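Here, each number is a calculation from the coordinates, and none is a lab measurement. What you see is a predicted model; the values in this text were computed from it and never measured. With ideal geometry, Cβ positions are generated from the backbone for all residues, glycine too; neighbour counts draw on all protein chains shown.
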Amino acid sequence: MTENQWPGFEGDSQGTEVQPCRIEEFDFERFREKEAEGKEKRERFAAASEGVLVHRRFRVPRVFSYGCGDKKDSLEWQLGALKASLDFPMDIPNFLEPWYGIGTIASCFGAEYVWNQGQAPAVHPPFSSIPEALEYNPAAVKETTIGKKTLEMIEYFLDRTEGRLPLSFTDTQSPSNTAASLFDTTGYLLGVYDYPGEIQTLIDRIVTLNKDFTRKQRALIGDALVSPGHGFASSREFSGMGMSDDSSSMLSPNQFKKLNCTALSRTGAPFGGAVYHSCGNWLSRLPQVLGIEGLVTLDAAFTMETDSDPNSAAAFTEAMQNTGIILNARCAGAPENIKPVIKELVKPGMKTIIVSYARTAVEQEDIIRYIEEETGARDTL
């Protein structure tokens, strides 16, 4: 079965079809050279107040679906992605990720994973009210079934690769996203209004659980760790902890500021700062996100091929120029479609990572050439 024959591939515009690669077939030396050749450029970018790097993300849909259930399969598909990526010019290499769905912290509260055939694992909300959740004594993530599986996957990846490949944390959900997964949507949103003090207490508990498990992952991964992780262009030279915060779109500005911003800052602080992601068009939230203390990077989609409701590149640039905050700009699509977007995103005072999903190395070279010739931005690095 090829990758585009299994359920879900056709709907993943950011997915890439690759062939699995056994550990014995992987060219570790070539990958090492690829990673090393961009090291100084990434270091300069991390320290600079402006500049641009280019990343071609290789996201294997099967890995982020039912394929995550087997660590051997997950590794071989991810090795296939890393192998394919070696033919594409880029400043930031791809990396391995111990992905096991998005219910990691929710499992501390008794949320059990459900593995429906052909789908990523999901969790059913275990509570009907905020007070009910607060009565529950959460376990440490490392003691839960999925926490143990995640740590086992990290150890397996490190053992099989002998720690020679970059490895990130597992997918980390924001404290608010985790809280929202503990209830049905209506129950969560009503709870925010009905129990403002109690929901804050719950968020605080989630922050502590999240930081403790991330410290455990960091200790295991060691020198192989790349940041910010998951959907972000990540490297050993970067810092921060990537978090997905999609539930924030359902909150008012005041609720977002009270529940999310401080929690995101506190969660990311021990790991170099908060790094923010939300799907869809979240331009209205941007001023508040930029105000998160210690914010290092934010991620957004800027083309229709990336997200059905993309963000305005010009508006993001206007808000982010001269902030020193990195914009991880996802731009799926053919070069002729993303070039106008790139022109808006690569400006003086901007610190931008252009994340392409070029179909071929030739397309990727075209994108890089455009950045160099039309904007001149890469001359600054």
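The lysines within cross-link reach of Lys142, meaning a Cα-to-Cα straight distance under 18 Å and a gap of 8 or more places when in the same chain, are Lys71, Lys211, Lys216. Nearest 5 percent is fine: what portion of the DSSP beta bridges confined to the chain is antiparallel? Roughly 10 percent of the DSSP beta bridges within the chain come out antiparallel. In plain terms, the chain is cut at each of the GluC sites (Glu not before Pro) found in a DSSP loop with at most 13 other Cβ atoms within 10 Å, and the longest leftover piece is 1-161.
Let me know the shape class of the chain, please: from the alpha-carbon gyration tensor, a ≥ b ≥ c as square roots of the eigenvalues, rounded when a/c is under 1.5, otherwise prolate if a/b is greater than b/c, or oblate. Oblate is the answer for the chain, as a/c is 1.5 or above yet b/c matches or exceeds a/b. Normalised by the number of residues in segment 102-252, the mean separation of alpha-carbon contacts (under 8 Å, six or more apart) gives a relative contact order of 28 percent.
Overall form of segment 157-316: oblate. Here a/c, set by the Cα gyration tensor axes a ≥ b ≥ c, is 1.5 or more, and a/b is not larger than b/c. For segment 105-167, a simple Cβ point-charge model (Lys and Arg +1, Asp and Glu -1, everything else neutral) yields a dipole of about 200 debye relative to the Cα centre.
Ranking of Ser252, Ser107 by neighbouring Cβ atoms within 10 Å, starting from the fewest: Ser252, Ser107. Helices in the chain, meaning DSSP H runs of at least 4 residues, each add -39500 (n - 2.57). Divided by all residues, the mean residue ellipticity at 222 nm is -11000 deg cm²/dmol.
Across the chain, the relative contact order, built from alpha-carbon pairs under 8 Å that are at least six residues apart, equals 18 percent.
The Cβ shell under 9 Å around Thr317 holds other residues with a net charge of -1, Lys and Arg each +1, Asp and Glu each -1.
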